[in-house]
Amino acid sequence: QVQLVESGGGLVQPGGSLRLSCVASRSIFSTYHMNWYRQAPGKQRELVATIHIRGTTFYTNSEKGRFTISRDTDLNTVYLQINNLKPEDTAVYYCNAQHFIGGDNYWGQGTQVTVSS
């Protein structure tokens, strides 16, 4: 079992920045790809960014440039830096761990990001 705990969300004005954190209950980055998803009200959950077990990063086309995913293996923590926040970024952001072979898949409880003036 893996527990994931997100933090760092909040209310921010358009143009601002946030750094979301996801702490894993044990060291998993060598065997789990780590993902950030988001779900806006009334919409489906969508993938935002991925960091693979070897450290390669992937972003959905619409998020390139404003989002940066990174990890700290010593702290068992994955981060999502979001710059130039827009109202359409308002969503619950979820951390996800997916075993690189498949099968095991874990989710955090989510952290709310609200972008509003």
How many residues of the range 84-94 are closer than 29 Å to S27 by Cβ and either touching a Ser or Thr at 6+ places or on another chain (Cβ under 6 Å) or among the small types (G, A, S) (or both)? The answer is 2
In the range 1-11, residues that are open to solvent by 20 Å² or more (accessible area, probe 1.4 Å) and at pLDDT 95 or above total 7
Discussion item. Checking the structure you have, find out if any residue of the range 80-88 is open to solvent by less than 40 Å² (accessible area, probe 1.4 Å), in contact with a strand residue (DSSP E or B) (Cβ under 6 Å, 6 or more places away or on another chain), without any contact (Cβ under 8 Å) to a residue 60 or more places away in the chain and not aromatic (F, W, Y).
Written reply: no
In the set S62, S7, the lone residue that is touching a residue at least 12 places away in the same chain (Cβ under 8 Å) and over 11 Å from I82 (Cα atoms) is S7
Note on the range 15-26: residues surrounded by 13 or more Cβ atoms within 10 Å (Cβ to Cβ) and more than 17 Å from Q109 (Cα to Cα) are G16, L18
Exercise. In this structure, is K64 at pLDDT 95 or above and open to solvent by 60 Å² or more (accessible area, probe 1.4 Å)?
Worked result: no
Selection over the range 20-39 where residues are closer than 30 Å to V115 by Cα and touching a His at 6+ places or on another chain (Cβ under 7 Å) yields a count of 1
Going through the range 89-116 in order, the residues found to be within 14 Å of I53 (Cβ to Cβ) and open to solvent by 20 Å² or more (accessible area, probe 1.4 Å) are Q98, H99, F100, I101, G102, D104
Hey, any hits in the range 34-45 for a residue that's crowded, with 18+ Cβ neighbours inside 10 Å, within 15 Å of V2 (Cβ to Cβ) and modelled with pLDDT of 95 or more?
yes
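The values are calculated or read from the model by the stated rules, or taken from the named source; none is laboratory data. Bear in mind that the values here come from a model prediction, so they are computed numbers and not experimental data. Don't worry about glycine lacking a Cβ; one is built from the backbone with ideal geometry, like all the others, and counts go over all protein chains shown. Ligands, DNA and RNA are excluded from the accessible area calculation, which covers all protein heavy atoms including side chains. Shrake-Rupley method; radii C 1.70, N 1.55, O 1.52, S 1.80 Å.
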